[in-house]
Amino acid sequence: MTSTRSVRPGGMQQAIPPSPPPPPPPTASSVSKAIASGSIVHHRRIQRPQPYPYPLPRPPQSQDHEKYAGKEVASIKRVADEPVSTFAVDVDTGSYSNVRRFLNDGRMPPEAAVRTEEMINYFRYDYPKPSSREAPFSVTTDISTTPWNDASRLLRIGLRGYDVNSDERPRANLVFLVDVSGSMSSKDKLPLVKSTLTSLANELRSDDRVSIVVYSGTVGLLLSPTSNKDHIKEAVDCLYANGSTAGGDALKLAYSTARRNFLKGGINRIIMATDGDFNVGTSNTDELKKIVGKERESGVNLTMLGYGTGNIRDELMEGIANVGNGNYAYIDSAMEAQKVLGDELSSTLFTIAKDVKIQIEFNPEHVKEYRLIGYENRLLAEEDFDNDKIDAGDIGAGHQVTALYEIMPAKSSGWLPERRYPANRVVKRQPNFNGEMAQVKLRYKLPGSDKSRLIQRQIAASELRNASTPRGDMAFAVAVAAFGQKLRGDKYIGDFDFRNIQILSGNGGDFWRQEFRKLNDLARNQS
C-alpha cells in the first residue's frame, strides 16, 4: 500500500508508516498534535466552506498576469482552392465561464480569452439521442439564413453522445491534484476548490477510489487510495494555501499514483484544480505538454479545473487538457462546480469516443466560400483526418459538440474579390453530384481501440436553397456564436450588435440560457 505523507507549510515532507485500508485521513486532532510536537511550525485552519452565493463576489484585481493564447479569427476559404475543412472536436467550456467572470466583475474580457466554440458548446441543444450504442453519438445537420449577412447561410453540425447513468459507468480511479500554493489563498480559489471536491466526493459511488496529491513548493501524497467518502472530505477540509507552485513535479506524482492504482476497463483520471500559476520547477507550457503527452499513453486522462482571477494561465490549462485527452472547465462559482462535477459528472469522467475528428468537403457547384466559426486552435491538416496517429478531441457520455460554418452559395457575390485570370475562376461542373452541397465525415475510436471508425453523410443542395430564418434551438446557437464573435472583435459579423443578439436568443429556456441573456445585457452596457 502506498504510504500517506503530510505536507508541511515549510515545504518539508514527513513520511507516515503505512496503515491498513482504508487509510486514516488528516484530521484536526492529528494536526494539533503535530503543532504541539513542533513538527509543523505553522497551521492556519480553514473551516469547511459553505456554498457561495451566485455570482461569487470578487474585489477588483489587475489582469496583467493572466495569460491567454488567442488565435486570429479564421479567414475565409475559397472552395475552388480549399474545398476541405478538418478539425478536432472540442468539449471544453472554460472560455464561457471565464468570460462570465469578467462581465460579472464589470469588465469586458480580453479578445484572446474568447473561444467561440467553447461559448457555443457550453449549452445543450435538441439533438436526438443515438439510436443505439454501436455508434457512440448521433450526427445532425441543419441550415439557416445568416442574421448578420443576407447573402450567406449557416450550416450547423451537431453531435450528441449516448447517456450513461452513474450505476452503468465503470469504477473510477481518481486522483485529486490540488494546488495549495500561496497564490490559491483568495476565497475564489482554494475555498471554492474545497467546496468543489467535497461536492464531487458526494457524487461518487462506493466502489470508486480517490487519492489526493497536493503541491506548493514541494509535492506530497496527502491521501492514499480510499473509497471512504468521510476520509476524502476530511482530507479536503484540511487543505490550506502556502508557498510557491511546483506544478510540473505534481503532475508526475499524480500520474504515478494513478498508474499504481490503475483499473483495467475502468475510469482512470486526474482532476487537477489550480490557477495555473506554476513558478517552481517545470513551468513552461510546451514542456508540460510533453510530460502530459507522454503520460497519456498509460490510459490516464486529465481534467483541468481553473480557479480565481489575476494570474490565470488559461493558455496552459486549456493546452495541457487538450494534450491529456481531457477537458478544461473554469470554475467561477459553486453553481458552475455543481454543473461540471454534479449534473455532468458522467460526461466529465467517462469517455465514450476518443480522437474524434470532423471533415467536410464542399461541392463548388453549390458553395463558393466558407468559414468555420471558432475552433481556431483545433484545426487539422486534410491528411490528418485518416491518420490514426494524430491526436484529436474526446467525447464523454452525454457530451454534445456543435460546429457552425458560414457559407456563401455559388451564385452569391461572396466575400472575396473576383480573380483577374479566367483559369483561376473556373469551377468544373459536378454532373454526378449536383444534388449534393457537401459531404460530412467523422472519425472516432472506441475506448481501448487504436483503429478509427468512419461515419459519413451527404447534405442535399436543396437544404441550401430552402434555408429559412433560424428559429428556436438553432436561433439560440447562432445567438451564442454571434456573442462570441462580437466579444472577439470578429470583422465578419459587421454591425450585428448585442441588441440584435438579445432578440435572436429568444425567451425562456433553462437557467443557463436565461443567464446568457443577462450576460449579453452586461456586455452591451460595458462595451
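The fraction of all Cα pairs in the range 78-154 landing in successive 10 Å bins from 0 to the largest distance is 14, 28, 37, 19, 3, given as whole percents.
Please go through the range 197-235 and write out the trypsin sites (Lys or Arg not before Pro) that DSSP classes as loop and that have at most 15 other C-beta atoms within 10 Å. When the trypsin sites (Lys or Arg not before Pro) of the range 197-235 are filtered for loop state and at most 15 Cβ neighbours within 10 Å, ARG205 remain. Separation of the range 383-462 from the range 486-520 is 27 Å, based on Cα centroids.
Based on alpha carbons, the Rg and Dmax found for the range 228-269 are 13.5, 38 Å.
Axis angle, to the nearest 10 degrees, between helix 285-295 and the longest C-alpha principal axis of the chain: 80 degrees. Among SER333, ASN507, ILE76, whose Cα sits farthest toward the positive end of the charge dipole of the chain (+1 at Cβ of Lys/Arg, -1 at Cβ of Asp/Glu, about the Cα centre)? Highest projection toward the positive end goes to SER333.
Applying the criteria of a DSSP loop state and at most 15 other Cβ atoms within 10 Å to the trypsin sites (Lys or Arg not before Pro) of the range 113-149 yields ARG133. When the scattering of the range 209-249 is computed by the Debye formula from its Cα atoms alone, each counted once and equally, what is log10 I(q)/I(0) at q = 0.16, 0.24, 0.27 Å⁻¹? Normalising to I(0) and taking log10 leaves -0.43, -0.81, -0.92.
When the pairs LYS129/LYS354; LYS252/LYS289; LYS252/LYS294; LYS71/LYS441; LYS354/LYS486 are compared against a 20 Å limit on Cα-Cα distance, LYS71/LYS441; LYS354/LYS486 fall above it.
Within the chain, the longest segment free of exposed loop sites, counting GluC sites (Glu not before Pro) that fall outside DSSP classes H, G, I, E and B and have at most 13 other Cβ atoms within 10 Å, spans 169-417.
For the range 80-186, a simple Cβ point-charge model (Lys and Arg +1, Asp and Glu -1, everything else neutral) yields a dipole of about 340 debye relative to the Cα centre.
Enter the mean projected area of the convex hull around the alpha-carbon atoms of the chain, in nm², rounded to one decimal. Before the final figure, lay out each step's value.
Details: hull surface 99.7 nm².
Directional mean of the projected Cα hull area for the chain stands at 24.9 nm².
With the gyration tensor restricted to C-alpha atoms of the range 144-214, the semi-axes of the equivalent ellipsoid amount to 39, 24, 10 Å, longest first. Just so you know, the Cα atoms of the range 271-426 work out to an Rg and Dmax of 20.0, 61 Å. Rounded to the nearest 20, the Cβ-based charge dipole of the chain about its Cα centre (Lys and Arg +1, Asp and Glu -1) stands at 400 debye. Based on alpha-carbon atoms, the Kirkwood radius and the radius of gyration of the range 299-344 give Rg/Rh equal to 1.00. Neighbours of THR274, meaning other residues whose beta-carbon lies under 11 angstrom from its beta-carbon, give a summed charge of -1 when Lys and Arg score +1 and Asp and Glu score -1.
Largest first, the extents of the alpha carbon coordinates of the range 244-338 on the three principal axes equal 39, 33, 21 Å.
Here the mean projected area of the convex hull built on the C-alpha positions of the range 314-391 is 7.5 nm².
Values of log10 I(q)/I(0) for the range 416-463 across q = 0.17, 0.24, 0.29, 0.30 Å⁻¹ run -0.75, -0.90, -1.01, -1.03, by the Debye formula with one identical scatterer at each alpha carbon and no solvent. Across the options GLY310, LEU190, SER85, the greatest Cα extent toward the positive end of the charge dipole of the chain (unit charges at beta carbon of Lys, Arg, Asp, Glu) belongs to LEU190.
By how many degrees, between 0 and 90 and to the nearest 10, does the Cα long axis of helix 247-260 differ from the longest principal axis of the chain? In the chain, helix 247-260 runs at an angle near 80 degrees to the longest axis. Take the chain with all the other protein chains still there, run a 1.4 Å probe, and you get 41 Å² of accessible area per residue. Give the shape of the range 92-203 as rounded, prolate or oblate, defined through the alpha-carbon gyration tensor: a ≥ b ≥ c are the square roots of its eigenvalues, a/c under 1.5 means rounded, and otherwise the shape is prolate if a/b is larger than b/c and oblate if not. It is oblate, given that a/c is not under 1.5 and a/b is not larger than b/c.
Extending 7 Å from the Cα toward the beta-carbon at both LYS389 and ARG205 defines two label points whose distance is 3.7 nm.
Within the full protein context, the accessible area of SER166 is estimated at about 50 Å² for a probe radius of 1.4 Å. Here the range 181-254 has an Rg and Dmax of 12.5, 35 Å, counting Cα atoms alone. The sum of -39500 (n - 2.57) across all DSSP H runs of n ≥ 4, divided by the residue count of the chain, sets its helix-only mean residue ellipticity at 222 nm to -8000 deg cm²/dmol. From a point 7 Å beyond the Cα of ARG107 in the direction of its Cβ, which residues of the range 501-527 have a backbone N at a distance under 19 Å? The answer is 519-520, 522-527. Among the trypsin sites (Lys or Arg not before Pro) in the range 461-507, those located in a DSSP loop and surrounded by at most 13 other Cβ atoms within 10 Å of their own Cβ are ARG471. The angle between the Cα long axis of helix 511-526 and the main principal axis of the chain comes to about 80°, on a 0 to 90 degree scale. In the range 402-527, the inverse of the mean reciprocal separation of distinct Cα atoms equals 18.4 Å; this is its Kirkwood hydrodynamic radius.
Classify the range 437-489 as rounded, prolate or oblate from the Cα gyration tensor: take a ≥ b ≥ c as the square roots of its eigenvalues, call it rounded if a/c is under 1.5, otherwise prolate when a/b beats b/c and oblate if not. Taking the square roots of the gyration eigenvalues as a ≥ b ≥ c, the range 437-489 is oblate. Heavy-atom accessible area with a 1.4 Å probe sorts HIS65, HIS231, largest first, into HIS65, HIS231.
The values are calculated or read from the model by the stated rules, or taken from the named source; none is laboratory data. Keep in mind it's a predicted model, so treat the numbers as computed, not measured. In this analysis, Cβ positions are derived from the backbone assuming ideal geometry, glycine residues included, and neighbour counts consider all displayed protein chains. For the accessible areas, the whole protein counts, side chains as well, though only heavy atoms, and no ligand, DNA or RNA atoms are used. Shrake-Rupley method; radii C 1.70, N 1.55, O 1.52, S 1.80 Å.
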